[in-house]
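What follows is one structure encoded as structure tokens, with my remarks underneath.
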2 protein chains.
Amino acid sequence: MHMFETFTISPVGVVESTLQSLDDCPLQGHEGAPEAILRISPQYQQALKGLEKGRSVMILTWLHAANRSVLQCYPRKEVHAPVIGVFATRSPDRPNPIGYHQAVIVEVLEDGLKVHPLEALNGTPVVDIKPVI
Amino acid sequence: MHMFETFTISPVGVVESTLQSLDDCPLQGHEGAPEAILRISPQYQQALKGLEKGRSVMILTWLHAANRSVLQCYPRKEVHAPVIGVFATRSPDRPNPIGYHQAVIVEVLEDGLKVHPLEALNGTPVVDIKPVI
């Protein structure tokens, strides 16, 4: 059992976005999120090789503004519904606040990717990028 | 910039599977992976409330057998192709080895979920569960 061992995430880059506060954020990327830049740290840039404009990627982020102690919440904005577990929701508040985003590569930059759409705050740490199969 | 700050993952449970070694694993879940149990630790079980049989979920795991120093590799098993960056592949070897899996809930258990299919080794730590929207 690995229940009590912990692991360390080292962000590989950061989101640059016009979304500056939680009030600016749509609930999901397909609800009007803007494009954003994934600025990748120099030591990880060679991991981008082979990614091309037009490819769909999953982007995993660390939702640094989340409350990790929340285990149940109201579904979306429906405060009159019964509470449900956070594993049944996409709320950022959860034990390990990893954000999942799917976006298209708009441009490959020297030090990262421009993608669209991305519902992540400016300054959000980027944890991983994977191609959509 | 959050480039050099690190974050701690605390697994919420563990995979119980008949897949006992990397040799048993198909490359992707849709290539014949078995069902598996996500055994959730008592302190996180209330986060499962609202998940039901038949729902599709994303499961994030920590690929504990991965090599985190690998930044480029051969695509799939094609050792004669040029190397590409790990962000352009689904290789478990990557800076932050978070596994992404999509599966259907076969049964809701008292202390977890039975899901199908799951291409994760027995003993793999479970990091997060999110509903597919």
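The values are calculated or read from the model by the stated rules, or taken from the named source; none is laboratory data. The structure presented is a predicted model; accordingly, all values stated were derived computationally and were not measured. Glycine also receives a Cβ, built like all others from the backbone with ideal geometry; neighbour counts cover every protein chain displayed. Surface accessibility is based on the protein's heavy atoms, side chains included, excluding ligands, DNA and RNA. Shrake-Rupley method; radii C 1.70, N 1.55, O 1.52, S 1.80 Å.
Some notes on this structure:
- Some residue of the range B:26-42 being open to solvent by less than 50 Å² (accessible area, probe 1.4 Å), among the polar types (S, T, N, Q) and more than 8 Å from chain A (Cβ to nearest Cβ): no
- Any pair with Cβ under 7 angstrom, 6 or more apart, that starts in the range A:7-22 at a residue that is more than 10 Å from every other protein chain (Cβ to nearest Cβ) and free of Cβ contacts under 8 Å to residues at least 60 places away in the same chain and ends at one that is aromatic (Phe, Trp, Tyr) and open to solvent by 10 Å² or more (accessible area, probe 1.4 Å): none
- Options A:Ser56, A:Ser21, A:Ser69, A:Ser41: the member that is at pLDDT 95 or above and within 15 Å of the chain's Cα centre (by Cα): A:Ser56
- Lone qualifier among A:Asp111, A:Asp93 - being of a type in the set (Asp, Glu) and under 27 Å from B:Asp111 (Cα atoms): A:Asp93
- Matching entry among A:Pro75, A:Pro97 (being surrounded by 15 or more Cβ atoms within 10 Å (Cβ to Cβ) and either touching a His at 6+ places or on another chain (Cβ under 8 Å) or away from every other protein chain (no Cβ under 11 Å) (or both)): A:Pro97
- Test: residue in the range A:104-124 that is among the β-branched types (Val, Ile, Thr), out of contact with any strand residue (DSSP E or B) (no Cβ under 9 Å at 6 or more places or on another chain) and under 21 Å from A:Asp23 (Cβ atoms): no
Residues checked against (1) surrounded by fewer than 16 Cβ atoms within 10 Å (Cβ to Cβ); (2) farther than 21 Å from B:Pro92 by Cα; (3) basic (Lys, Arg):
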| position | (1), (2), (3) |
| --- | --- |
| A:Gln45 | no, no, no |
| A:Leu63 | no, yes, no |
| A:Ala88 | no, yes, no |
| A:Asp111 | yes, yes, no |
| A:Val127 | no, no, no |
